[in-house]
Amino acid sequence: MASIFSKIIAGDIPSYKIAENDKYYAFLDINPAAKGHVLVVPKQEVDYIFDLDDDILGGLIKFAKPIAKALDTAFSPIRTGIIVEGLEVPHAHVHLIPMYPDRKGFSLGKKVDLSSDEMQQVANDIRKHL
């Protein structure tokens, strides 16, 4: 059965898409730990990130890097952090999470509330810096 991320990549479930190429897809997390929280996933559906082929795993980080830089430019956080946790969805992925002065640490369990209009604006702000 296809994961929710595979359904998002296929366009069966809407997302706030940030970037895409033939191997990777990036979109806003709908339950963000911080404003600008992005998920970066390989299009290949593999549950455990360390089961990815080396070229796909390395490419995932290379694909994520300009997105992290766009987050830094768009929102001026202290820096953008990365989490590879991978238990909530059986599809390898990384979380890019801007870290702001008022929340130096972050947790995937702590969410910020953003309206759909705010989410769309966040996506637009990130994309214009890619």
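Just wondering, is there one or more residues in the range 26-41 that are polar (S, T, N, Q), closer than 27 Å to Asp113 by Cβ, modelled with pLDDT under 95 and touching a Lys or Arg at 6+ places or on another chain (Cβ under 6 Å)? The answer is yes, given that some residue of the range 26-41 is polar (S, T, N, Q), closer than 27 Å to Asp113 by Cβ, modelled with pLDDT under 95 and touching a Lys or Arg at 6+ places or on another chain (Cβ under 6 Å).
From Asp22, Asp54, which residue is closer than 24 Å to Asp125 by Cα, at pLDDT 95 or above, out of contact with any strand residue (DSSP E or B) (no Cβ under 8 Å at 6 or more places or on another chain) and surrounded by fewer than 20 Cβ atoms within 10 Å (Cβ to Cβ)?
One residue alone meets the criteria, Asp22.
If you go through the range 28-51 and keep only what is farther than 24 Å from Ile126 by Cβ and of a type in the set (Asp, Glu), you end up with Glu45, Asp47, Asp51.
Only strands (runs of 3 or more DSSP E) whose full extent lies in the range 1-89 are considered here, and the ones with at least 2 residues that are in contact with a Pro (Cβ under 9 Å, 6 or more places away or on another chain), on the phi < 0 side of the Ramachandran plot and of a type outside the set (Asp, Glu) are 24-28, 79-83.
Evaluation of Gly11 against the conditions (1) surrounded by fewer than 20 Cβ atoms within 10 Å (Cβ to Cβ); (2) in contact (Cβ under 8 Å) with a residue 24 or more places away in the chain; (3) farther than 22 Å from Val112 by Cβ shows that the sole unmet condition is (2). Restricting the range 98-111 to residues that are at pLDDT 90 or above and either closer than 9 Å to Ala33 by Cα or touching a Phe, Trp or Tyr at 6+ places or on another chain (Cβ under 7 Å) (or both) leaves a set whose member that is surrounded by the most Cβ atoms within 10 Å (Cβ to Cβ) is Pro98.
The values are calculated or read from the model by the stated rules, or taken from the named source; none is laboratory data. Keep in mind the model is a prediction, meaning the values are calculated, not measured. Using ideal geometry, Cβ is built from the backbone for each residue, glycine included, and neighbour counts are taken over all protein chains shown.
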